[in-house]
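Data block below; observations after.
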Amino acid sequence: MSRRLRAAILVTGALGLGLVGAAAARDRGPEGFRGHGAWSALSPADRAAFADARIAALHAGLKLNPDQEKLWPPVEAAIRDMVKLRQQRREAMRDRPSMSDDAPAALRAMADATTARGEALRKLADTSQPLYASLDPDQKRRAMILARPMGRHGHGGWHHHRDDERGPGGDDH
């Protein structure tokens, strides 16, 4: 795999994971919160506002030229589609059976969620390729920084926790 292709895949994945991850924390539990501090207590409106802010920050930080600006709308739409998918997955997880209650149904639900996420990531990769190809090295560097989740694991950023009751991998991402 060429170095350019690996970089493109990395940026595309970072865009998807960073923006979608930053857009929302996953809810679980009787109170509707999973227990990730302030992020788990965000309302859907809060999550939407943070997603808008992260998308706007990425867009502003890239400092696109007029030709690149024309390539931005489909990328933004794909990112927003991923945000919507994330919200739908969060809602579906509330109703998903636990592994201890119905392991095959839980596994099917996780497989369906993984398939949908894969399709959304592929769409983001496809729509972002023309824009990414047009970015200069400075823009690519800024994209990597801006698309990264807030902080690093264990340092105040987004954390991916496992929930043994949900089975292998703990969740559907």
Reported set for the range 51-75 where residues are in contact with a helix residue (DSSP H, G or I) (Cβ under 8 Å, 6 or more places away or on another chain) and either open to solvent by 50 Å² or more (accessible area, probe 1.4 Å) or not in a helix (DSSP H, G or I) (or both) is H59, K63, L64, D67, L71, P74
**Prompt:** Does S128 count as loosely packed, with under 14 Cβ neighbours inside 10 Å, in contact with a helix residue (DSSP H, G or I) (Cβ under 7 Å, 6 or more places away or on another chain) and touching a residue at least 40 places away in the same chain (Cβ under 8 Å)?
**Reply:** no
Scanning the range 76-91 for residues that are of a type outside the set (G, A, S), open to solvent by 20 Å² or more (accessible area, probe 1.4 Å) and over 15 Å from D112 (Cβ atoms), the one nearest to the chain's Cα centre (by Cα) turns out to be V83
The condition from (1) in contact with a Ser or Thr (Cβ under 7 Å, 6 or more places away or on another chain); (2) open to solvent by 20 Å² or more (accessible area, probe 1.4 Å); (3) of a type in the set (A, V, I, L, M, F, W, C) that A48 misses is numbered (1)
Only one of R162, R94 is modelled with pLDDT of 50 or more and open to solvent by 90 Å² or more (accessible area, probe 1.4 Å), namely R94
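The values are calculated or read from the model by the stated rules, or taken from the named source; none is laboratory data. Everything numeric in this text was worked out from a predicted model, so none of it was measured. Because the Cβ atoms are built from the backbone with ideal geometry, glycine has one as well, and the counts that use them run over all protein chains shown. Side chains are part of the model used for accessible areas, which takes the heavy atoms of the whole protein and leaves out ligands, DNA and RNA. Shrake-Rupley method; radii C 1.70, N 1.55, O 1.52, S 1.80 Å.
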